[in-house]
1. Do the conditions hold for Tyr208, that is, is it in a helix (DSSP H, G or I), under 20 Å from Trp258 (Cα atoms), of a type outside the set (D, E, K, R) and in contact (Cβ under 8 Å) with a residue 12 or more places away in the chain?
2. Condition first: of a type in the set (Ser, Thr, Tyr) and surrounded by fewer than 16 Cβ atoms within 10 Å (Cβ to Cβ). Now tell me which residues in region 120-142 satisfy that.
3. In the list Tyr198, Tyr184, which residue meets the criterion of being closer than 20 Å to Ala14 by Cβ and either at pLDDT 95 or above or surrounded by 15 or more Cβ atoms within 10 Å (Cβ to Cβ) (or both)?
4. Could you run through region 45-93 and say how many residues are polar (S, T, N, Q) and closer than 15 Å to Gly201 by Cα?
5. Do any helices (runs of 4 or more DSSP H) lying entirely in region 39-155 carry at least 1 residues that are at pLDDT below 95 and touching a Cys at 6+ places or on another chain (Cβ under 7 Å), and which ones are they?
6. Can you tell me which residue in region 3-42 is most open to solvent (accessible area, probe 1.4 Å), limited to those that are closer than 14 Å to Ile156 by Cα and either of a type in the set (Gly, Ala, Ser) or without any contact (Cβ under 8 Å) to a residue 40 or more places away in the chain (or both)?
7. Within region 97-119, track down each residue that is open to solvent by less than 20 Å² (accessible area, probe 1.4 Å) and more than 30 Å from Asp172 (Cβ to Cβ).
8. Consider Tyr318 carefully, then state whether it is under 24 Å from the mean Cα position of the chain (by Cα) and open to solvent by 30 Å² or more (accessible area, probe 1.4 Å).
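The values are calculated or read from the model by the stated rules, or taken from the named source; none is laboratory data. Keep in mind that what you see is a predicted model, and the values were worked out from it rather than measured. Cβ placement follows ideal geometry from the backbone for every residue including glycine, while neighbour counts extend to all protein chains displayed. Surface areas here come from the heavy atoms of the whole protein model, side chains and all, with no ligands, DNA or RNA. Shrake-Rupley method; radii C 1.70, N 1.55, O 1.52, S 1.80 Å.
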Amino acid sequence: MARIATLDINRGIAVLGLLFLNIYYFSMFEVGYVNLPVVPLSDSVIDWINALLLDGRFRSLFCLLFGAALCLQMDKNGSDKQIKDRLFWIVTIGLLHGYILWPGDILVSYGLAGFIALKYIDAGPSRLIRHGCGFGLFGVSMMLVLGSIDVADPIIRGSSEFYEIVDNLPRDVMSHFGHNGVYYSIMLLIMPLITLWYSAGLMIAGIYCYKQGIFKHGLSNNAKPLVITATALLSVGTIYLKVLDINSLSVLVDSLIWVNAFAGALLIIHCVVKMSRKGFQFSWLQAVGRMALTLYVFQSVLMVSFFYWVMPNGYEQYNRMEYMAIALLLSLFQLLIAPLYFRFFKQGPLEYLLKRLCLRSKEADYV
């Protein structure tokens, strides 16, 4: 079965976009970016860009693409057995990634959500919409409820709270594994309450989008104005709450961003499809998307190594602009290396490993 170019292009956008949001948490996973006592203008601008254009968009985009991929695999295999094997190995790779490299892993959440979404692979449009919205809104509601229980005051760089966190950061390999073990276990405990259902809802939406041809033709003339209007209204709400700058409302801002991220991801898909149909070439992004799993883990390897051994005090020295410069350089490197890689190989290393593991599972069924 021929690959759908727009899926690979969107996957490339998603894996590169994630880096611009994860970069802060590679440096200090506990809290991400910590504001300076006097916030530079560049920090404020980037914070607004993140809130209105970036936050959540790429995770949502990945989930929609994951749902579409489930449909493609079902069309290819004719049954869900191999798809379940694939999801199992994605979860396994995610567990290794989270415990060994970086506790911000999303693969386990996506793999488990994929098992839920797979139940809807043959569902009709109405059921897909109802259950996709239901799962997604449940995840957002749970985040709103749980996040409202104890809203912590923001931490300022140089404060006693900041240095208390710094004192507990891992300093060697063994403490790194211990740190990952604690924080990733917490992430896994939280997952069934929030991110699992949100991800499953978006994957079900991805199944709907695939069946409606949105990945090939873009949003319909009726859907496009609705999505644009929803994005505009949610963005206005986000701006209003951020201007109020009331810390107790921060979880409500995050909830609006999560919902807006879904609409934003749909617009990204639509724009890519329409530009591709007009003849725009995205071969570099397409190459990145073809090895998205490999590059996602590669980002963790490189960034964790960088912040542990090259710039271990980056969380004290870097402002947002400097973090963005690092993410941009690594993105350009990936855009350069991916097309070169495919001159010699047909699959990314982890994509090849995943395929071999699935084939071994298939062969074991016949023993």
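1. For Tyr208, the condition - in a helix (DSSP H, G or I), under 20 Å from Trp258 (Cα atoms), of a type outside the set (D, E, K, R) and in contact (Cβ under 8 Å) with a residue 12 or more places away in the chain - is met.
2. Hits for region 120-142 are Ser126, Ser141.
3. Numbers: Tyr184 fails: closer than 20 Å to Ala14 by Cβ.
Criteria check complete, one pass: Tyr198.
4. Taking region 45-93 first, the residues polar (S, T, N, Q) are 50, 60, 73, 77, 79, 82, 92.
Still in the list and also closer than 15 Å to Gly201 by Cα: 60.
The number of residues fulfilling the criteria is 1.
5. Ranges flagged: 81-96.
6. Among those residues, the one meeting the criterion is Val38.
7. Tyr110, Gly111, Ala113, Gly114, Ala117, Leu118
8. Numbers: under 24 Å from the mean Cα position of the chain (by Cα): yes; open to solvent by 30 Å² or more (accessible area, probe 1.4 Å): yes.
So Tyr318 fits the description; yes.
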